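This report concerns only the one structure given below.
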Amino acid sequence: MSGAAEAAGADAHPQKISVLFVCLGNICRSTMAEGVFRSIVKDKSSPYYNLIDKVDSCGTGGYHIGDEPDSRTMSTLADHGITNYTHAARRFRDSDFRDFDYIFAMDKGNLEDLERWRDRSHKLSSSKAKVMLFGEFSGTGRKEIVQDPYYVGRNAFEKAFEQCKRFSTNFLEQTFPDVPKTAP
């Protein structure tokens, strides 16, 4: 047993968890990850349906507060059948360390920003979050980063989608090992 199953005990249903995805501006990578993850865990036919309490995304910077995701993020999600995703960008806040079980950074810079944020905040005595690189769930044996596709182009958004799908699936399979695996 591991993760949420361990926390709930051997005979109980796994404890629900909450997940937050973080990038710089909250319009490309973290929203892509949130959209992909939601599509897996909020689908009533998913083996992970009803195991996730809360899913959200945000940015370490406040550049795009209130904005919708980048149109290329939305079109990439739509091309993969995810058409019901909506989000308004927001900035990370101290309470996120308390409100989420897992906080996933898209790259090393985001991770360092989150670690500094946690270290300098004096309000975090009740912090429960595991802060880590989302790419720790790459399945390749190495930590991957999700490159910022904003200045690169459509192919970079497709790569981000592929990574987010793979990382999400691997995370769920590792966190809930007793739940049947998702279809590829």
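The values are calculated or read from the model by the stated rules, or taken from the named source; none is laboratory data. Computed from a prediction, not measured in an experiment: that's the story for all the values here. All Cβ positions, even for glycine, are placed from backbone atoms using ideal geometry, and neighbour counts span all protein chains on display. Areas reflect the complete protein model, heavy atoms only, side chains present, ligands, DNA and RNA absent. Shrake-Rupley method; radii C 1.70, N 1.55, O 1.52, S 1.80 Å.
Within the chain, the longest run free of exposed loop sites, counting chymotrypsin sites (Phe, Trp or Tyr not before Pro) that sit outside DSSP helix and strand states (H, G, I, E, B) and have at most 13 other Cβ atoms within 10 Å, spans 64-150. What aspartates and glutamates could a cross-link reach from Lys42, if we take a straight Cα to Cα line under 17 Å and drop same-chain neighbours fewer than 8 places away? Leaving aside aspartates and glutamates fewer than 8 places away in the same chain, those within reach of Lys42 are Glu34, Asp53, Asp56, Glu173. For region 64-184, how many pairs of lysine residues have a Cα-Cα distance under 19 Å, where the two are 8 or more positions apart or belong to different chains? Eligible lysine pairs with Cα atoms under 19 Å apart amount to 7. Just the protein heavy atoms count here, and of the accessible area of the chain at 1.4 Å, carbon and sulfur take up 47 percent. About the centre of its Cα atoms, region 26-136 shows a dipole size close to 280 debye [charges on the beta carbon of Lys, Arg (+1) and Asp, Glu (-1) only; nearest 20 debye]. When you restrict to C-alpha pairs under 8 Å that are six or more residues apart and normalise by the size of region 57-119, the relative contact order lands at 40 percent.
Projecting the Cα atoms of Ser121, Gly59, Phe137 onto the charge dipole of the chain (Cβ charges, centred on the Cα centre) puts Ser121 farthest toward the positive pole.
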